[in-house]
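The values are calculated or read from the model by the stated rules, or taken from the named source; none is laboratory data. These figures come from a predicted structure and were not determined experimentally. Because the Cβ atoms are built from the backbone with ideal geometry, glycine has one as well, and the counts that use them run over all protein chains shown. Note: areas computed on protein heavy atoms with side chains; ligands, DNA, RNA excluded. Shrake-Rupley method; radii C 1.70, N 1.55, O 1.52, S 1.80 Å.
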Amino acid sequence: MKKHNFSAGPCVLPQEVLKKASEAVINFNGLDLSLIEISHRSKDFIDVMENARSLAIELLGLEGKGYKALFLQGGASLEFLMVPYNLLEKKAAYLNTGTWSSKAIKEAKVLGEVVEVASSKDANFNYIPKGYSIPADADYFHCTSNNTIFGTQIKDFPETNVPLVCDMSSDIFSRQLDFSKFGLIYAGAQKNMGPAGTTLVVIKEDILGKVSRSIPSMLDYKVHLDKDSMFNTPAVFAVYVSMLTLQWLKDLGGIAAIEKINEEKASLVYNEIDRNPLFKGFAATEDRSSMNVTFNLTDEAHKEAFDALWKGAGINGLNGHRSVGGYRASMYNALSVESAKVLVETMQELEKKVG
Ligand SMILES: *Cc1c(COP(=O)(O)O)cnc(C)c1O
């Protein structure tokens, strides 16, 4: 039986997507050729790219609103640099909510002035700062919607007149938001969309073209937009699997439908953390992520027993990140409610055993 996969990334994908992807690796579209051995300029692959791009825009509710989607390479980590390259003229504002925000800030500093509007570093990033102000003369404001490592998630995005740029790597397509509030959204595929190797970038085209520096072609969003995300050979397999996952999500009823399922999983696990005296949550209650649930044992003496229980129940990937310790249950779109229930049962088992 397939494991209950709580891996933080790369992570669980829908079983039917994996099946279709594996078939396409052998024989794609009945061509008697593999998806990964045909030209990316062939009609069959161009259709995949166009379909993936338009599904992303459609699922986010951004059709006809001036947005385009790209599937680039270099991970979300390269977007930390591409964003300032394309948008930072004098000064950018950043909210620091964790490891990934900090890395984005480091890259932006290479190219200009960065104002850190607030940080939760003082409490090992276990909360989302609020009540900060964004300088009106900033070229853009950057934030991380979901902090994969610490298990916090922004629930209310600030109102601002500067373009809103967001790293949504670990919660894109998981909950309904007014995505038209954002000027640029990026997300590495491997958290909620597909295999590692491609990054979705959704851009409102009118925010581009405002910096004076010359931009190397591969780092220039305009170059990629002009070439319909095919400036160079795209990550064909990663784009194809992302397309299948987006199609799966659309067939399921889109973000509105998956959001309900994600909320159900999150409340199952958080309720158990709050109820069970053997566990405590890491993130501040109002900022808890519905994607990555971080928690600890109240008594480390139970570690061996708990680890044996969840491993025995067929759970994979529950160990916390080294900067937080304890446990992290990553419950991306493709994780079933059933898997979340199995985790809750093992927590209850532990209580019966030692409680
Ligand atoms: C995983 C992750 C990244 C890094 O992504 P790469 O594709 O490995 O560069 C950046 N931001 C967030 C929020 C992440 O979860």
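Within region 182-222, track down each residue that is free of Cβ contacts under 8 Å to residues at least 40 places away in the same chain and either surrounded by 15 or more Cβ atoms within 10 Å (Cβ to Cβ) or within 9 Å of the ligand (Cβ to nearest atom) (or both).
PHE182
Scan region 77-93 residue by residue and report those that are within 13 Å of the ligand (Cβ to nearest atom) and open to solvent by less than 20 Å² (accessible area, probe 1.4 Å).
GLU79, PHE80, MET82, VAL83
When both residues are 6+ apart or on different chains and their Cβ atoms are under 7 Å apart, which pairs have a first residue that lies in region 101-112 and is in contact (Cβ under 8 Å) with a residue 60 or more places away in the chain and within 13 Å of the ligand (Cβ to nearest atom), and a second that is aromatic (Phe, Trp, Tyr) and part of a helix (DSSP H, G or I)?
ALA104/PHE80
In region 269-284, how many are open to solvent by less than 30 Å² (accessible area, probe 1.4 Å) and assigned to a helix (DSSP H, G or I)?
So the count comes out to 4.
Determine which single condition LEU318 fails, assuming it passes every other condition in (1) within 19 Å of ALA340 (Cα to Cα); (2) open to solvent by 40 Å² or more (accessible area, probe 1.4 Å); (3) not small (Gly, Ala, Ser).
For LEU318, the failing item is (2).
Does region 21-40 contain any residue that is touching a residue at least 12 places away in the same chain (Cβ under 8 Å), out of contact with any helix residue (DSSP H, G or I) (no Cβ under 8 Å at 6 or more places or on another chain) and surrounded by fewer than 14 Cβ atoms within 10 Å (Cβ to Cβ)?
No, the conditions are met nowhere in region 21-40.
Can you name the strands (runs of 3 or more DSSP E) wholly within region 61-176 that have at least 2 residues being under 20 Å from the mean Cα position of the chain (by Cα) and at pLDDT 95 or above?
67-72, 91-96, 141-144, 164-167
Just checking, which of ASP287, ASP307 is out of contact with any helix residue (DSSP H, G or I) (no Cβ under 9 Å at 6 or more places or on another chain), open to solvent by less than 50 Å² (accessible area, probe 1.4 Å) and within 20 Å of LYS3 (Cβ to Cβ)? Explain how you work it out, then say what you get.
Values: ASP287 fails: within 20 Å of LYS3 (Cβ to Cβ).
Result of the check over ASP287, ASP307: ASP307.
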